[in-house]
Amino acid sequence: MINFTVGPVQMDKETRELGQNQIPYFRTPEFSTIMKENEKLLCSFFDAPENSRVVFMTGSGTASMEGGVMNFFTKDDKVLIVNGGSFGHRLVELCGIHGIPFTEIKLDYGTPLAQENLAKFENAGYTGFLVQLCETSTGVLYDMNLIGDFCQRNGIFLFVDAVSGFMADRFSMKEMHVNAAITGSQKALALPPSMSFTILDEKAIERCQKINPRSLYFNYPSYLKDGERGQTPFTPAVGTLLQLNQKLKRIEASGGIEHQNKLARERAEYFRNAIKDLPFKLFCAEKDSSNCVTALCPTKPGVNAHKIFEIIKDEYGIWICPNGGDMAEKVFRVGHIGSISKEEIDTLVDAFKDLVKRGIL
Ligand SMILES: *Cc1c(COP(=O)(O)O)cnc(C)c1O
């Protein structure tokens, strides 16, 4: 199978080989050294300010979305949430569950956030802002400079779900005035699912220490305390953390994060050019698109997007990424993260062409 989903994505050969080893015991100085290195490299790749720290959470990306909501906000906050797709909606659900007062900025799915969407919230007493970097369900890349400037001007704490956007799109905590940001192991880092990572600046560290949420597993102050000696409070996905270390070092040795951004952009552009004459409409305009993923609507009447996912899986041995909810029958996605070659993209495009020939698309 060739995998064009947005996670778990295709892993590098080096990552797979490392995954064959026994899992070592981890309460050791050797493992602590690796964890300190992971923390340093993640901070550097997020372009985090001095004295930033990382919380290593065993749990998928959603665990760190929930952990962020619990550790950075309380019922005394008043937060803005950008809801432009299913991951924005998840932030809304989380703030509802944890009793954080919020206002939704609801966008038509597939459209970007504009200055007009923020204007009425200037000087309106908001204390937090929650947003995705890339809304993976639609492929929209939000304008983080616009959002960061708004938050800085208004003294608002900015929490960014960069789970899918990290490595695919340009992201700088420093330049974009981001206080805390998350990513997950099975997206562009191309590791097995299991871990998610939160990068916290000094304000975020202060916030979670002050809030000190009533939770054992999601208590970030305890992660930060154990992290000082390169450890986690509970058993982490040790194997994934070793693969993370190897991957981060390989990224560092091969042109850093800018080079990763460039590779994702090249894959996205190559694919988008190759499908220009096929019967698809881009769900999100190219200028607003993330390099992580392309969301497509088949244009021929009666064509069901989920059915295309099934045929491509069963008859061509390729996974594209189906959409859920209201979009399930109209939209599917093609991911550009993970270890994907141009030849594999050609194979997918040929499969689409064959479906056109067969009258299915
Ligand atoms: C994948 C993803 C997540 C996390 O999903 P999990 O299934 O919990 O790993 C969160 N936010 C975004 C934007 C994502 O793409």
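See the values below:
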| read-out | value |
| --- | --- |
| Cα long-axis angle, helix 61-72 against the chain (0 to 90 degrees, to the nearest 10) | 30 |
| Nearest 10 degrees, 0 to 90: helix 305-316 Cα axis against the chain principal axis | 80 |
| Range of Cα positions in the chain per principal axis (Å), largest first | 61, 54, 34 |
| Qualifying aspartates and glutamates (Cα of each under 17 Å from Cα of Lys262; at least 8 residues distant if same chain) | Asp47, Asp169, Glu252, Glu286, Asp288 |
| Cross-link table Lys276/Lys353; Lys78/Lys106; Lys36/Lys247; Lys187/Lys276, entries beyond 21 Å C-alpha to C-alpha | Lys187/Lys276 |
| Candidates per trypsin sites (Lys or Arg not before Pro) in segment 161-229, loop by DSSP, up to 12 other Cβ within 10 Å | Arg214, Arg229 |
| Taking Arg27, Arg153 and counting other C-beta atoms within 10 Å, the order from fewest to most | Arg27, Arg153 |
| Principal-axis tilt of helix 144-154 within the chain, Cα atoms, nearest 10 degrees | 30 |
| Order of Cys134, Cys321 - criterion: other Cβ atoms within 10 Å of each residue's Cβ, fewest first | Cys321, Cys134 |
| Most positive-pole-ward Cα, Met167, Ala237, Ile251, against dipole of the chain from beta carbon charges | Ala237 |
| Modelled FRET efficiency - R0 35 Å, Glu266 with Lys120, Cβ distances, 0.05 increments | 0.35 |
| Protection proxy ranking, peptides 328-340, 245-257, average beta carbon neighbours within 10 Å, highest first | 328-340, 245-257 |
| Where GluC sites (Glu not before Pro) fall in DSSP loop in segment 75-146, at most 16 other Cβ within 10 Å | Glu122 |
| Value at 222 nm in deg cm²/dmol, rounded to 500, when DSSP H runs of n ≥ 4 in the chain each add -39,500 (n - 2.57) | -12500 deg cm²/dmol |
| Segment 200-241: Cα Rg divided by the 2.2 N^0.38 Å rule of thumb | 1.22 |
| Contour excess over end-to-end distance, with Cα ends at Thr347 and Glu228 and 0.36 nm allotted per residue | 38.1 nm |
| Which of Val131, Val160, Val356 has the fewest Cβ neighbours within 10 Å, and the rest in rising order | Val356, Val131, Val160 |
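Just so you know, all these numbers are worked out from the coordinates, no wet-lab data involved. Owing to the predicted nature of the structure, the values given are computational and were not obtained by experimental measurement. Quick reminder, even Gly has a Cβ in these numbers, built from the backbone with ideal geometry, and neighbours come from all protein chains shown.
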